[in-house]
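Just below is one structure, and these are the notes that go with it.
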Amino acid sequence: MKKYLLSALFFLLAFTNLYAQHSDEEYRKFFDEKREIYVSYGFEAFLRLTFKDDKTFSIDGFDSHFCDGTYSFSKNKIIINYPFSYIDNVYTKTEEERKKILSDFGLNYDKPTEIKIDLDISDLFNQGAYIAGDKIFWSKRHSEPYKEYVYNEVRCIKYPVKIRIDENLKMRKTPSLNGELVHVDYFNYEQELYISDRTVVFKGEEYKVLAKSITEDTIDGITAPWYLITVSGPAWPDAHQENVWIFGGYVTIIGSVK
């Protein structure tokens, strides 16, 4: 019996290894799709690391330049070579500021950095990423729908449908009646109606669902999961968005989302 279990375990490990392997072409395709890594520093402020065809890279912003360097690419790894060539501008005032920017990209300050390509890693929104140290830079590839994921420690199913709100529903940070309420300003352009700090989605509104909770609650005799949706504030002064949970007992599914 012991021998049989060991054989079965060996076969399972071998199969898992085989399944997880990817070809050089797959990694190269991913690299060609994602030649840029962005780090945001607030509203319309960012830095971008760009991998160029001539094996050089640059880190720059909207109207400024931080540094240049070289890299090598092999199968599922990108090696950022050391040293870098810094540009004397607003970003390079001190050594600590340089270190901070490089660490935001997961790059070492004084030695080469290995960036791994992981084609299998996924979350509720994306599949595939660059991993540099403790930093994860997601691809633009969508993760598979109707599968289970964990979003902010909540087990849920990616559920791409469109819903209509049948009753005013409170917006919560977690899928629970005890979940903290979410506050988002509201402006209806057609009615020219502004509501500061609203905590509900309104009857008649339509939303795309990101996910539904694994667990269900019974409220007013109705048993249903919670739906995760994105709620947007007014475009001015900034287009604030929040992902919020609403109870699914008072919504109607009106279509699917591709």
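Looking at SER139, SER143, which one is within 30 Å of ILE214 (Cα to Cα) and touching a residue at least 40 places away in the same chain (Cβ under 8 Å)?
SER139
Which pairs turn up if I take residues in the range 40-57 that are over 19 Å from ILE136 (Cα atoms) and at pLDDT 90 or above and look for partners that are in a loop (DSSP other than H, G, I, E, B) and open to solvent by 40 Å² or more (accessible area, probe 1.4 Å) with beta carbon separation below 8 Å, at least 6 apart in sequence or on another chain?
Correct list of pairs: LYS52/ARG35.
Of everything in the range 124-174, what is surrounded by fewer than 17 Cβ atoms within 10 Å (Cβ to Cβ) and of a type in the set (Lys, Arg)? Give them in sequence order.
Those that are surrounded by fewer than 17 Cβ atoms within 10 Å (Cβ to Cβ) and of a type in the set (Lys, Arg): LYS135, LYS140, ARG141, LYS147, ARG155, LYS162, ARG164, LYS170, LYS173.
What single numbered condition from (1) within 26 Å of the chain's Cα centre (by Cα); (2) over 26 Å from HIS142 (Cα atoms); (3) part of a strand (DSSP E or B) fails to hold for LEU228?
(2)
Would you check if there is a residue in the range 183-194 being open to solvent by less than 70 Å² (accessible area, probe 1.4 Å), β-branched (Val, Ile, Thr), over 30 Å from GLY128 (Cβ atoms) and in contact with a Ser or Thr (Cβ under 8 Å, 6 or more places away or on another chain)?
Yes, there is a match, as at least one residue in the range 183-194 is open to solvent by less than 70 Å² (accessible area, probe 1.4 Å), β-branched (Val, Ile, Thr), over 30 Å from GLY128 (Cβ atoms) and in contact with a Ser or Thr (Cβ under 8 Å, 6 or more places away or on another chain).
Scan the range 167-187 and tell me whether some residue there is basic (Lys, Arg), closer than 22 Å to ASP217 by Cβ and more than 23 Å from the chain's Cα centre (by Cα).
yes
Exactly one condition in (1) more than 20 Å from PRO234 (Cα to Cα); (2) outside any loop (DSSP other than H, G, I, E, B) is not met by PHE187; state its number.
(1)
Of the residues LYS203, LYS208, LYS258, LYS212, which is open to solvent by 40 Å² or more (accessible area, probe 1.4 Å), outside any strand (DSSP E or B) and within 22 Å of TYR151 (Cβ to Cβ)?
LYS258
For ARG155, state whether it is under 22 Å from the mean Cα position of the chain (by Cα), among the charged types (D, E, K, R) and farther than 22 Å from SER122 by Cβ.
Considered against the rule, which asks whether it is under 22 Å from the mean Cα position of the chain (by Cα), among the charged types (D, E, K, R) and farther than 22 Å from SER122 by Cβ, ARG155 comes out as no.
The values are calculated or read from the model by the stated rules, or taken from the named source; none is laboratory data. Quantities reported herein were computed from a predicted structural model and do not represent experimental measurements. Cβ: placed from backbone, ideal geometry, glycine included. Neighbour counts: every protein chain shown. With ligands, DNA and RNA removed, areas are computed over all heavy atoms of the protein, side chains included. Shrake-Rupley method; radii C 1.70, N 1.55, O 1.52, S 1.80 Å.
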